[in-house]
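Engineer: Before we start, here is the structure in question, set down as structure tokens.
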Number of protein chains: 2
Amino acid sequence: MAQVRNKQVILKEYVSGFPDESYMSLNTTILPLKLPEGSSGVLLKNLYLSCDPYMINRMRKLNTPSYVESFEPGTPINGYGVAKILDSRSPNFKEGDLVWGRTGWEEYSIIKATESLFKIHDTDVPLSYYTGLLGMPGMTAYVGFHELCSPKQGEHVFISAASGAVGQLVGQFAKLLGCHVVGSAGSKEKVDLLKNKFGFDEAFNYKEEPDLDAALKRYLPEGIDIYFENVGGKMLDAVLLNMRVHGRIAVCGMISQYNLEKPEGVHNLMHLISKRVRMQGFIVSDHYHLYTKFLELILPHIKQGNIVYVEDVVEGLESAPAALVGLYSGRNVGKQVVVVSRE
Amino acid sequence: MAQVRNKQVILKEYVSGFPDESYMSLNTTILPLKLPEGSSGVLLKNLYLSCDPYMINRMRKLNTPSYVESFEPGTPINGYGVAKILDSRSPNFKEGDLVWGRTGWEEYSIIKATESLFKIHDTDVPLSYYTGLLGMPGMTAYVGFHELCSPKQGEHVFISAASGAVGQLVGQFAKLLGCHVVGSAGSKEKVDLLKNKFGFDEAFNYKEEPDLDAALKRYLPEGIDIYFENVGGKMLDAVLLNMRVHGRIAVCGMISQYNLEKPEGVHNLMHLISKRVRMQGFIVSDHYHLYTKFLELILPHIKQGNIVYVEDVVEGLESAPAALVGLYSGRNVGKQVVVVSRE
Ligand SMILES: NC(=O)c1ccc[n+]([C@@H]2O[C@H](COP(=O)([O-])OP(=O)(O)OC[C@H]3O[C@@H](n4cnc5c(N)ncnc54)[C@H](OP(=O)(O)O)[C@@H]3O)[C@@H](O)[C@H]2O)c1
Ligand SMILES: NC(=O)c1ccc[n+]([C@@H]2O[C@H](COP(=O)([O-])OP(=O)(O)OC[C@H]3O[C@@H](n4cnc5c(N)ncnc54)[C@H](OP(=O)(O)O)[C@@H]3O)[C@@H](O)[C@H]2O)c1
């Protein structure tokens, strides 16, 4: 039986403190290109891997039960990716099918949990989009904005980490609906993208704003109806001071807190009462039954050029560890993708 | 025309720091017992006045616009109360009607904003209940619990400031629905009330719990589906660690924060995401259109003895300042009422 060398990204040990590449290493095993006798699931050739902020949680030793489990040191990292089926024992997939979903950080993976794989039907968009715009982050933007925030035309929308995988789509959804949209991001280049490529009405570099409350009052003088929360901490505290009556906050992520020993304190929650604000935390995978509805909405927009998407693509599994930890310093410009193989 | 002496509680100056009685004083004016020629509104004889935690906000100089305005130093405080109509220029009220709603902290008040008065129809309950159980705090419990939390039988409910005007009713609503109900309060006497009078499953004195997280884990080992938030600060932080998946938090009040220079920091908001928690702030007056529905639900329960209510009643306007500031040290046991006149 044909065998291949299978390069893998291994978690060497649990991360403590701020992550860097040294917590990961490359390893090579040998793999037969067929599922072993008696095995269930599918054998995948991985094409694109997705770097997602939540992954740092899995790289730590979690003491309390969570919606994700810690990775196991010494084994390959896993996450979202796009792959091709090489061999299948599942009635839902056949050789040659393209899929996106949970896979390993390696060239080839055997996946037993095939229920977390989605078949890709539409291939006249870049395949890598299924790690971002058409995959988990896209669904996150859709669910958090459209399903949880009940947005209305003319409302004032603020998005943090706005140029990222999720944020850039939230902003474009909000513009399509006729909202006034402002975003924050961590560099001039990202701010320019927001204004010139994604059509945000305003954008600012939060790193150059010593007073976030003042910045929000400058860019959103009428206040905020909808806050799409990606960062937490000081930004959330400033946003709370600027919420409008009956405002909504989709609590998607708090990346500024993921690598702190102790999360920062948020002081302005009393504004939830006086402004009657709803804050709703969510996990996108609870909402995957909406994926078809999401595709029906978004594919025409992509094909008509109403929605664009920026990816930050690095080549090869060797580049994956740096790409992943780069998320936490904002190195990525747009959706961070790793190419494992282009076909 | 008959004239009367009208005793009043005046705000002497804006409160700074922790409030005490010295910020208020008694004053007497002379008032004709008829509405002046050309005046609109109603002339009220005040019977019961309500001491409510939000009032401290109005005793301070508010710099930012809020849902309430600051009181004016040198004029009578105002708030909720029960009163009898002595004279009316409003088509909705006639002499002799009993009402509850916004009135002055004085013996007689001229009220122009009659839209904030509700006519009292049911008088075979204690009239003072219209400051609490059948008034604003009762509606607050109803709206926060039934309308915002979508409670279900068997869910685990936690209530802070649980023996107070709002909390004691929330707990009884939750028990009637078949929830598992736990409350916190600030003395042994209050804890006993919760368990023995209001039928809570468990209750604890938060002042004797150095580790609130541990206390919650002890009394709610399966976690919290619904938190009725009355106090904020450290209690909220501990609750966030104990929320169950798809939990709901009705953000009613944060009394532990009202008298701090700077509100405490809340660190555990990331749990909103992993537990998919909804936090909803509200102001009861947005929901007064539900008052009739509320009465239809609660009056039969009161008459059948399924819902009981504890009031802390002090006599005379002279006692009002101490009763009001007593809320912030937990001096009141149950709903704090001031009797101005019994008929
Ligand atoms: N709830 C869910 O189911 C779900 C699903 C997907 C994603 N998420 C969350 O959504 C958020 C965005 O994810 P994404 O995939 O779109 O990532 P991303 O925005 O493409 O990448 C992360 C970005 O976060 C920003 N960042 C990093 N550290 C920061 C800090 N200390 N303060 C402020 N910003 C910081 C950086 O941009 P700047 O240069 O602008 O700082 C960085 O580029 C994350 O919080 C993630 O955990 C949640
Ligand atoms: N959103 C709305 O529309 C609305 C309407 C009405 C009331 N509320 C809010 O609901 C909450 C309860 O109001 P209520 O009328 O029922 O008052 P209450 O409970 O009858 O009286 C206030 C109680 O708060 C507790 N307390 C005072 N300082 C505290 C502190 N530092 N930490 C913890 N607890 C403290 C005391 O009880 P202990 O002895 O147990 O400490 C005190 O008896 C308040 O936060 C109020 O502002 C909101």
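Engineer: For region B:324-343, give me the residue count where each residue is farther than 22 Å from residue B:192 by Cα and either away from ligand 2 (no atom under 16 Å from the Cβ) or out of contact with any Ser or Thr (no Cβ under 8 Å at 6 or more places or on another chain) (or both).
Structural biologist: Residues in region B:324-343 being farther than 22 Å from residue B:192 by Cα and either away from ligand 2 (no atom under 16 Å from the Cβ) or out of contact with any Ser or Thr (no Cβ under 8 Å at 6 or more places or on another chain) (or both): 7 in total.
Engineer: I'm trying to understand the selection: among the residues of region B:222-241, which are touching a residue at least 60 places away in the same chain (Cβ under 8 Å) and not hydroxyl-bearing (Ser, Thr, Tyr)? Spell out how you get there, then give the answer.
Structural biologist: Going through region B:222-241, the residues touching a residue at least 60 places away in the same chain (Cβ under 8 Å) turn out to be B:222-231, B:235, B:239.
Answer for region B:222-241, where residues must be touching a residue at least 60 places away in the same chain (Cβ under 8 Å) and not hydroxyl-bearing (Ser, Thr, Tyr): B:222, B:223, B:224, B:225, B:226, B:228, B:229, B:230, B:231, B:235, B:239.
Engineer: Something else: Residue B:17 versus (1) within 16 Å of ligand 2 (Cβ to nearest atom); (2) surrounded by 13 or more Cβ atoms within 10 Å (Cβ to Cβ); (3) in contact (Cβ under 8 Å) with a residue 40 or more places away in the chain: which is the lone unmet condition?
Structural biologist: (2)
Engineer: Looking at region B:155-180, I want the residues that are within 14 Å of chain A (Cβ to nearest Cβ) and have a partner that is within 16 Å of ligand 1 (Cβ to nearest atom) with Cβ atoms under 7 Å, at least 6 apart or on another chain. Which pairs are those?
Structural biologist: Going by the 7 Å Cβ cut-off, there are no qualifying pairs.
Engineer: With the structure loaded, tell me whether residue A:144 is in contact with a strand residue (DSSP E or B) (Cβ under 7 Å, 6 or more places away or on another chain), surrounded by fewer than 19 Cβ atoms within 10 Å (Cβ to Cβ) and either touching a residue at least 12 places away in the same chain (Cβ under 8 Å) or in a loop (DSSP other than H, G, I, E, B) (or both) or whether it fails that test.
Structural biologist: Here the answer is no, as residue A:144 does not meet what is asked.
Engineer: Applying the selection to region B:250-294, what residues are of a type in the set (D, E, K, R) and within 16 Å of ligand 1 (Cβ to nearest atom)?
Structural biologist: Narrowing region B:250-294 to residues of a type in the set (D, E, K, R): B:261-262, B:264, B:275-276, B:278, B:286, B:293.
Matches in region B:250-294: B:275, B:276, B:278.
Engineer: Can you find a residue that is under 28 Å from residue B:13 (Cα atoms) and among the β-branched types (Val, Ile, Thr) anywhere in region B:136-154? Break it down into steps so the answer makes sense when it comes.
Structural biologist: Within region B:136-154, the subset under 28 Å from residue B:13 (Cα atoms) is B:136-137.
Filter once more, so that each one left must be among the β-branched types (Val, Ile, Thr): none.
No, the conditions are met nowhere in region B:136-154.
Engineer: Could you look through region A:196-218, keep only residues that are more than 12 Å from ligand 1 (Cβ to nearest atom) and surrounded by 21 or more Cβ atoms within 10 Å (Cβ to Cβ), and pick out the one that is farthest from residue A:158 (Cα to Cα)?
Structural biologist: Only one residue tops the list, namely A:198.
Engineer: Look at region A:69-119 and say how many of its residues are assigned to a strand (DSSP E or B) and farther than 19 Å from residue A:11 by Cβ.
Structural biologist: Taking region A:69-119 as the starting set, the residues that turn out to be assigned to a strand (DSSP E or B) are A:76, A:78-88, A:98-104, A:106, A:108-111, A:117-119.
With the extra rule that they be farther than 19 Å from residue A:11 by Cβ, the set shrinks to A:82-88, A:98-101, A:117-119.
The number of residues fulfilling the criteria is 14.
So that you can scan it fast, the table gives a plain yes or no per residue for (1) at pLDDT 95 or above; (2) within 14 Å of chain B (Cβ to nearest Cβ):
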residue	(1), (2)
A:28	yes, no
A:38	no, no
A:44	yes, no
A:57	no, yes
A:61	no, no
A:79	yes, no
A:82	yes, no
A:86	yes, no
A:106	yes, no
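Engineer: May I pose another question? Does region A:155-163 include one or more residues that are more than 10 Å from ligand 1 (Cβ to nearest atom), in the same structural domain as residue A:275 (by TED's automatic domain parsing), touching a strand residue (DSSP E or B) at 6+ places or on another chain (Cβ under 7 Å) and more than 25 Å from residue A:132 (Cβ to Cβ)?
Structural biologist: yes
Engineer: Do we have any residue at all in region B:164-176 that's more than 21 Å from residue B:150 (Cα to Cα) and near ligand 2 (Cβ under 10 Å from one of its atoms)? Quick ask: steps written out before the conclusion?
Structural biologist: Of all residues in region B:164-176, those more than 21 Å from residue B:150 (Cα to Cα) come to B:164-165.
After this cut, where a residue has to be near ligand 2 (Cβ under 10 Å from one of its atoms) as well, the list is B:164-165.
Yes, that holds for at least one residue.
Engineer: How many of the residues making up region A:246-294 are touching a Cys at 6+ places or on another chain (Cβ under 6 Å) and either hydroxyl-bearing (Ser, Thr, Tyr) or over 27 Å from residue A:51 (Cβ atoms) (or both)?
Structural biologist: Restricting attention to region A:246-294, the residues satisfying the condition of being touching a Cys at 6+ places or on another chain (Cβ under 6 Å) are A:248, A:250.
Keeping just the survivors that are either hydroxyl-bearing (Ser, Thr, Tyr) or over 27 Å from residue A:51 (Cβ atoms) (or both) gives A:248.
Qualifying residue count for the region: 1.
Engineer: Please work out which residue is nearest to ligand 2 (Cβ to nearest atom), limiting yourself to region B:280-301 and to residues that are farther than 30 Å from residue B:240 by Cβ and touching a helix residue (DSSP H, G or I) at 6+ places or on another chain (Cβ under 8 Å).
Structural biologist: As a first pass, look at region B:280-301 and keep what is farther than 30 Å from residue B:240 by Cβ: B:288-289, B:291-293, B:295-301.
Cutting the leftovers down to touching a helix residue (DSSP H, G or I) at 6+ places or on another chain (Cβ under 8 Å) gives us B:288, B:291, B:297-298, B:301.
Values: B:288: 11, B:291: 13, B:297: 18, B:298: 16, B:301: 19 Å.
By that ranking, first place goes to B:288.
Engineer: Only one residue in B:27, B:46 is more than 23 Å from the chain's Cα centre (by Cα), assigned to a strand (DSSP E or B) and surrounded by 13 or more Cβ atoms within 10 Å (Cβ to Cβ). Which one?
Structural biologist: Answer to the selection: B:27.
The values are calculated or read from the model by the stated rules, or taken from the named source; none is laboratory data. None of the values given here were measured: they were computed from a predicted structure. Glycine gets a Cβ as well: all are built from the backbone with ideal geometry, and neighbour counts include every protein chain shown.
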